[in-house]
Amino acid sequence: MRWPLAGARRATHVGTPAVPDRRGLVPLWTVRCAAALIAVLLGALVWNGSGWIVLPVVVAAGAAILPSIGLTVLTLLLLIVAYAVNIPAGSPWLLVFAAGLHAVFVLDLLLVHLPLRGWISLSALRLLGVSFLRVQAVAQPLAVLALLVDDAGSSLPLVLVGVAALVAWCCWLIGRRPPQRSRR
């Protein structure tokens with residue numbers, strides 16, 4: 001019996017499977033590693049040599065390997081609470097921390113719906129980067145404002161409001177229904 005694709009197999013090199021053209025694509029494992037690395041660096045910043053850094057490292061690695069909204073929220077909450085407790089008020093690290101926290105959030109939520117092994121286009125990452133920069137155009141001036149008015153009182157209410165907003169947004173994302181596809 002002759003298979004219909006038997007002739008096509010002979011045209012390729014023996015033992016070498018055909019590889020699709022991957023120019024302009026980035027493997028998802030690099031995006032996962034970037035998200036975990038940013039979370040680990042932020043954890044190192046806020047735990048400052050403490051043994052408790054193991055906790056955000058393990059959770060960040062788990063969020064990169066087994067992406068879920070729950071692990072993403074847990075990673076962010078561990079970092080936010082550790083920042084509020086361990087970093088002195090008025091620290092200029094707030095600017096770096098806000099950008100890093102947002103990067104972890106965006107990358108982890110991107111990876112939730114993508115396969116563990118796969119590829120993503122550079123154009124999609126560029127669009128994500130532009131979106132990130134737009135949000136940072138608002139977040140960074142607010143962080144500077146928070147640093148300027150730091151002596152006005154405790155930052156704990158601001159941290160609690162931020163955590164509540166983050167949890168509310170994540171719950172909204174979980175509860176949102178995907179758009180219905182129309183069949184024609």
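Tabulated data
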item	result
Highest to lowest packing among 120-132, 92-104, scored as the average C-beta count within 10 Å	92-104, 120-132
Stretch gain in nm, segment Ser131-Arg176, where the contour uses 0.36 nm per residue and the Cα spacing is subtracted	14.1 nm
J(HN,Hα) series, the stretch 95-100, from Karplus relation 6.51 cos²θ - 1.76 cosθ + 1.60, nearest Hz, glycine and proline x	5, 5, 5, 5, 5, x
Carbon and sulfur %, accessible surface of the stretch 31-181 computed with the full protein complex present, 1.4 Å	74
Relative contact order computed over the stretch 18-124 (Cα-Cα under 8 Å; 6+ residues apart), in percent	45
Separation of the Leu114 and Val149 label points, Cα + 7 Å toward Cβ, nm	3.7
Modelled FRET efficiency - R0 35 Å, Asn48 with Val167, Cβ distances, 0.05 increments	0.85
Sequence of Trp47, Trp172, Trp29 when ordered by accessible area, the most exposed leading, probe 1.4 angstrom	Trp29, Trp172, Trp47
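The values are calculated or read from the model by the stated rules, or taken from the named source; none is laboratory data. If you're wondering where the values come from, they're calculated on a predicted model, not measured in any experiment. Note: ideal-geometry Cβ built from the backbone for every residue, glycine included; neighbour counts use all protein chains shown. Heavy atoms of the whole protein, side chains included, go into the accessibility calculation; ligands, DNA and RNA do not. Shrake-Rupley method; radii C 1.70, N 1.55, O 1.52, S 1.80 Å.
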